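Asks: Below is the structure I would like to discuss, written out as structure tokens.
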Amino acid sequence: CAGQEPEAEDTRTPTDDNLIVVGVSQEGSESVWRTANTRSVKETLTKENGYFLIFKNARQKQENQIKALRSFISQRVDYIVFSPIVEDGWDTVLREAREAEIPVILMDRKINVKDESLYTAWVGSDFVEEGRNAGKWLEDYLKGQRFNDDQVNIVVLQGTAGTTAMFGRTQGFEEIAAKHENWNILEQTNADFTTAKGEEEMRRLLNTYPEIDVLVSQNDDMTFGALEAIQSAGRTTGTGGDITVISFDGTKKALEKVKTGAINVDVECNPYQGKYIEEIIQALETGQSIEKDNYVEEKVFTQKNVLSVLNDRTY
Ligand code: AHR
């Protein structure tokens, strides 16, 4: 899959007592975005910066992630950072972390726990706002079209079920769609944030609904697969094409396609969360107060502004 790269598991013990030991459990490597998110943490929590990082990749399985958290607890790390694969099912292991007095910082996605004090802080995106931004872009775009009141037939490729990104982007887009009687969401289907599933699901959607006007794809990897499917079906996308494409993440490859017009708009999801996590750890180390929720900065890219970021994009 496009986002995958070898990720070394590091379980050695620190040789320098002054290093802050951080156990990081990444939920997987399903997307280009995820690989950049991992890189951002690894590049920030370095020995030179005063950290000893123990990194584990859960490979899309919650049981692996719970196992990783338990191993961090038994190794008595100073902090646990994890990007939860899904929102539910964390109460027990987080109670174990609390008993061991290990602060837990959530990265990227949120969790659904009755007792919010089970984690110390969260760093990530405002996924609902991302979904709204996608809807608002479509609203504005359609205003400029000749037959603005015509039925607009929409299909949605959703990310992994049970994740904050999928819930938020769906909720935000649906909020805007509900204001437009002529927006018709034909189907929302799970394509797991991967290119292979994106292509497979898009093929099926094209066969089921010949009248698709808009594709909302909740990450760039699924969009790449969907574009293949659309092309093989003899349909065209983007500026001047017959299917309008809305994507999320803002990866370099996708922004290139915004530039050429194959993707109409890409709502950014910022993977560079390492520095935010480091700031939280430093604040905790020095006894300063911290915000519970920490939002990263994000933009929306169309042909109008994409050139301003394309050269510097590193993921
Ligand atoms: O949680 C963030 C989402 O997860 C990104 O949009 C996606 O690419 C990733 O896999």
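The values are calculated or read from the model by the stated rules, or taken from the named source; none is laboratory data. Everything quoted here is computed from the prediction, not taken from an experiment. Positions of Cβ are backbone-derived with ideal geometry, glycine not excepted, and every protein chain shown enters the neighbour counts.
Residue-by-condition table, conditions (1) among the small types (Gly, Ala, Ser); (2) under 16 Å from GLY131 (Cα atoms); (3) more than 15 Å from the chain's Cα centre (by Cα):
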site: THR194; (1), (2), (3): no, no, no
site: GLU200; (1), (2), (3): no, no, yes
site: LEU205; (1), (2), (3): no, no, yes
site: ILE212; (1), (2), (3): no, no, yes
site: SER247; (1), (2), (3): yes, yes, no
site: ALA254; (1), (2), (3): yes, no, no
site: LYS257; (1), (2), (3): no, no, yes
site: ILE263; (1), (2), (3): no, no, yes
site: CYS269; (1), (2), (3): no, yes, no
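Asks: Sticking with this one: Tally the residues that are outside any loop (DSSP other than H, G, I, E, B) and either surrounded by 15 or more Cβ atoms within 10 Å (Cβ to Cβ) or modelled with pLDDT under 95 (or both), restricting the search to region 84-95.
Replies: Matching residues across region 84-95 total 2.
Asks: Report whether or not THR38 is among the polar types (S, T, N, Q) and modelled with pLDDT under 95.
Replies: So THR38 fails the test.
Asks: Return a yes/no flag: does region 221-236 have any residue that is out of contact with any strand residue (DSSP E or B) (no Cβ under 7 Å at 6 or more places or on another chain), closer than 23 Å to GLY131 by Cα and without any contact (Cβ under 8 Å) to a residue 60 or more places away in the chain.
Replies: yes
Table: residues versus (1) surrounded by fewer than 21 Cβ atoms within 10 Å (Cβ to Cβ); (2) among the acidic types (Asp, Glu); (3) out of contact with any strand residue (DSSP E or B) (no Cβ under 8 Å at 6 or more places or on another chain).
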| position | (1), (2), (3) |
| --- | --- |
| GLY168 | no, no, yes |
| ILE176 | yes, no, yes |
| PHE193 | no, no, yes |
| GLY198 | no, no, no |
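Asks: Hey, could you check region 262-290 for residues that are more than 16 Å from the ligand (Cβ to nearest atom) and within 15 Å of ALA226 (Cα to Cα) and say which is surrounded by the most Cβ atoms within 10 Å (Cβ to Cβ)?
Replies: Only one residue tops the list, namely ASN264.
Asks: Now for a different question. Checking the structure you have, find out if any residue of region 98-110 is in a loop (DSSP other than H, G, I, E, B) and buried (at least 24 other Cβ atoms within 10 Å of the Cβ).
Replies: yes
Asks: List the residue pairs whose Cβ atoms are under 7 Å apart, where the first residue sits in region 21-45 and is of a type in the set (Asp, Glu), the second is near the ligand (Cβ under 8 Å from one of its atoms) and part of a loop (DSSP other than H, G, I, E, B), and the two are 6 or more positions apart or on different chains.
Replies: Correct list of pairs: GLU27/SER83; GLU30/GLY3; GLU30/PHE193.
Asks: Tell me which residues, restricted to region 213-232, are farther than 18 Å from GLY261 by Cβ and surrounded by 15 or more Cβ atoms within 10 Å (Cβ to Cβ).
Replies: Once the filter is applied, which keeps residues that are farther than 18 Å from GLY261 by Cβ and surrounded by 15 or more Cβ atoms within 10 Å (Cβ to Cβ), region 213-232 yields GLN218, ASN219, ASP221, MET222, GLY225, ALA229.
Asks: Quick test of your reading of the structure: VAL77 fulfils all but one of (1) in a loop (DSSP other than H, G, I, E, B); (2) within 14 Å of the ligand (Cβ to nearest atom). Name the failing condition by number.
Replies: If we test VAL77 against (1) in a loop (DSSP other than H, G, I, E, B); (2) within 14 Å of the ligand (Cβ to nearest atom), just (2) comes out false.
Asks: A further question on this structure: Step by step: first the residues of region 121-136, then only those that are crowded, with 19+ Cβ neighbours inside 10 Å and farther than 19 Å from TRP183 by Cα, then the one that is farthest from the ligand (Cβ to nearest atom). Which residue is that?
Replies: ALA121
Asks: Still on this structure, please answer the following. Looking for something part of a helix (DSSP H, G or I), surrounded by fewer than 24 Cβ atoms within 10 Å (Cβ to Cβ) and in contact (Cβ under 8 Å) with a residue 60 or more places away in the chain - is there at least one such residue anywhere in region 48-59?
Replies: No, region 48-59 has no match at all.
Asks: Look at region 240-284 and say how many of its residues are touching a residue at least 40 places away in the same chain (Cβ under 8 Å) and over 27 Å from GLY168 (Cα atoms).
Replies: Total satisfying the criteria: 1.
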